[in-house]
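See below for the structure under consideration.
The values are calculated or read from the model by the stated rules, or taken from the named source; none is laboratory data. Since the model is a prediction, treat every value here as computed from it, not as a measurement. Here the Cβ positions follow ideal geometry from the backbone for every residue, glycine too, while neighbour counts run over all protein chains shown.
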Amino acid sequence: MFELTKEQRMVEQVFRRFAEKEILPAVPQLESGELLPYDLMRRMQDELMGGPEQIRESVLKRAERLEKGEGPRAADEESAELDPLFGSIISKELSRVAPGFCMSWGASRGLFAGNVMSRGTPEQIRHYALPVQTLEKIGAWGLTEPGAGSDAIGGMKTTARVRGDRYVLSGSKTFITNAPYADYFLIYAKVDRGQPPAERRAHAFIVEREMKGVSTGRPFVKMGMRDSPTGEVFLDEVEVPRENILGGSEKQGGRSEVVSSLGSERSGICPMCLGITEKCYELSLAYARERVQFGRPIGHFQAVQLKLADMYIHLQNSWNIVFRLAWMAKTGKRDLAFSCAAKVYTARAAVQTSLDAIQIHGGYGYMQEYHVEKLMRDAKLLEIGAGTTDINAMTTARVELGLI
């Protein structure tokens, strides 16, 4: 469990070659917005993941098994990715080159399609998850609001009023990955049946861009993750059919569903952090061997050695965390404290390792020509998104104290 199998190493190598050959040269265009990441995602899927037909077969089989009344665990076994570590390896490899590209891919196929696949009705899986899994359509996951970040549920203002056989959604979401270009949105809103706001339950609704009243803002200009389009979603009296509530009824939903989705997002962040940490360490190690000052490679100096040692420790710990998260996913084990702590540690490790990488590279590390500059800018978001480092650390402590 603490090292990759031969098959996993092959996956790692295949995706590394693709990322370095196809994605890395496109990073300047992706960061400027001149090029969107979605065609590259489709090419990656076609060349490395069996193409849309293989994915289509897997998704349809999932829907068929659910119709027969078989549980989600049995249906999950039909997935094209039986071992969750394969997904982690892919995220790691993409994040070594372009973490934002990985974020857009994960938000569409993971946070949108993954939630529909795990909680949706057979019809929702066929109609919405299928085209997003095959990348015919792009998905987005909408939880955060302008006034509700860390207090995502308590501060949620977006509402869904019942009107005949429809829900009417009003409100807005912000910092939403893929929002400017997504075709489908999974929007969280509180169902308003006339009760006080504090008593309203949050539910997820599948919203189409073409529905009247849906609009999105321009892509944000960001410090990092510029290769991932991010923006706002506005909902002005959007009429959504009742069958578009995730799961088909209000029996699902509530705080537990949101927390579960956030848990998946946190776990998905860790391989991204690992990719940044791994690449920064490799680049720094090579630079410390090659860069000569005072007549010898800078790796001969203790100050550089200590930084490299810290980077190595972060790298090995992050690997072990990703291995355990994959084991938890495969065995169905849930551990909220560990998931939150894992996200805290790996995000901090990615930020510190990227800063140390820039320090080792000196003035060159501050230049866009050197890849560590981009990785540092991208790493910082991983301490903010999917629950800030402080919130995740507090959640870990509260679980351990028995307060949650």
Considering (1) at pLDDT 95 or above; (2) in a helix (DSSP H, G or I); (3) closer than 14 Å to F185 by Cα, say which one R126 fails and leave the rest. (3)
Could you list, in sequence order, the residues of the range 279-296 that are exposed (fewer than 15 other Cβ atoms within 10 Å of the Cβ) and either of a type in the set (G, A, S) or touching a residue at least 60 places away in the same chain (Cβ under 8 Å) (or both)? A286, G295
Residue hits (the range 206-227; buried (at least 19 other Cβ atoms within 10 Å of the Cβ) and either of a type in the set (D, E, K, R) or modelled with pLDDT under 95 (or both)) are R226, D227
I need the helices (runs of 4 or more DSSP H) fully contained in the range 313-404, keeping only those with at least 3 residues that are touching a Pro at 6+ places or on another chain (Cβ under 8 Å). 371-381
Could you count how many residues in the range 141-155 are under 23 Å from A113 (Cβ atoms) and at pLDDT 95 or above? 5
For F112, state whether it is crowded, with 23+ Cβ neighbours inside 10 Å and either among the small types (G, A, S) or closer than 24 Å to V14 by Cβ (or both). no
State all residues of the range 264-278 that are at pLDDT 95 or above and either surrounded by fewer than 24 Cβ atoms within 10 Å (Cβ to Cβ) or under 19 Å from N115 (Cβ atoms) (or both); if no residue qualifies, say none. I269, C270, P271, M272, E278
Restricting attention to the range 304-312, does a residue exist that is under 27 Å from T396 (Cβ atoms), assigned to a helix (DSSP H, G or I), under 23 Å from the mean Cα position of the chain (by Cα) and in the same structural domain as Q352 (by TED's automatic domain parsing)? no
Before we move on, is R296 within 30 Å of H361 (Cα to Cα), among the basic types (K, R) and not assigned by TED's automatic domain parsing to the domain that holds N115? yes
Do any residues in the range 1-26 that are among the small types (G, A, S) have Cβ atoms under 7 Å from those of residues that are assigned to a helix (DSSP H, G or I), where the two are at least six apart or on different chains, and which pairs are they? A19/E93; A19/L94; A19/R96; A19/V97; A26/L40
Of the residues that make up the range 246-258, is at least one under 30 Å from T159 (Cβ atoms) and within 18 Å of the chain's Cα centre (by Cα)? yes
